[in-house]
Amino acid sequence: MDDQHPATPGASALRSARVAAGPLDDIDRRIIAALQADGRRAYSQIAEDLGIPASSVRYRVQRLEETGVLQIVGIANPLTIGFDRLAMIGMRVRPGTAHQVCCELRELPETSYVVMTAGQYDVMVEVICRDTSHFTDLLNRRLHLIDGVVSTDSFFVLEVHKLAYGWGVGGVETGLLDTPGAHGNGALDQRPAR
């Protein structure tokens, strides 16, 4: 898991991407919905479904990618490729340090999800490790040494029952991408952790 993680935009980058992209129209939403359902779908197929030229789909996808609204990536299930220890970690941090802690966490190759939260924890982070030894080393030798971290609670993932990237198109109905007839499936993996 060394340098194989692409940079993931932070919350402020996600908010500014929305502004830079301008308002999304129905065609943009339908293109996004089609790519959430199948990220490898040919632009010509999407164009045919929407009744627009393939060049329009290509242009719109490029614009959505350039403005940070859309990112098309291959997602591998870490449990099937040798990373047997997935965990969520709730972190309490000193007041005023949450943003800096998040910045440091997102640079670690083991982190796949880093968010600042309201509630019991100031920061939540998902980590993917090879095994328990790797996780223990990460927790004790790196996470606890980040300036501002006061305490952590770890939650090992035993089974994944839903992992959805198609929200708004059959996953979580948010209304963000509502398009009549556009319903995709979230992935389901019930492989127990070792």
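Couple of notes before you dig in:
- Checking G68 against (1) at pLDDT 95 or above; (2) in contact with a helix residue (DSSP H, G or I) (Cβ under 7 Å, 6 or more places away or on another chain); (3) on the phi > 0 side of the Ramachandran plot, the condition it does not meet: (1)
- Applying the condition of being under 16 Å from the mean Cα position of the chain (by Cα) and crowded, with 18+ Cβ neighbours inside 10 Å to region 70-79 and asking which residue is farthest from E126 (Cα to Cα) yields L70.
- Out of S56, S12, S16, one residue alone is at pLDDT below 75, in a helix (DSSP H, G or I) and surrounded by 13 or more Cβ atoms within 10 Å (Cβ to Cβ). It is S16.
- Any hit, region 54-77, residues being touching a strand residue (DSSP E or B) at 6+ places or on another chain (Cβ under 9 Å) and touching a residue at least 24 places away in the same chain (Cβ under 8 Å): yes
- Exclusive hit being outside the structural domain of R41 (by TED's automatic domain parsing), surrounded by fewer than 14 Cβ atoms within 10 Å (Cβ to Cβ), closer than 30 Å to R40 by Cβ and over 19 Å from the mean Cα position of the chain (by Cα), set G82, G96: G82
- Scanning region 59-69 for residues that are farther than 28 Å from K162 by Cβ and surrounded by 15 or more Cβ atoms within 10 Å (Cβ to Cβ) yields a count of 3.
- Elements of type strands (runs of 3 or more DSSP E) contained in region 91-194, each with 3 or more residues being polar (S, T, N, Q) and at pLDDT 70 or above: 149-156
The values are calculated or read from the model by the stated rules, or taken from the named source; none is laboratory data. Only a predicted model underlies this, so the values are computations on that prediction, with no experimental measurement involved. Glycine also receives a Cβ, built like all others from the backbone with ideal geometry; neighbour counts cover every protein chain displayed.
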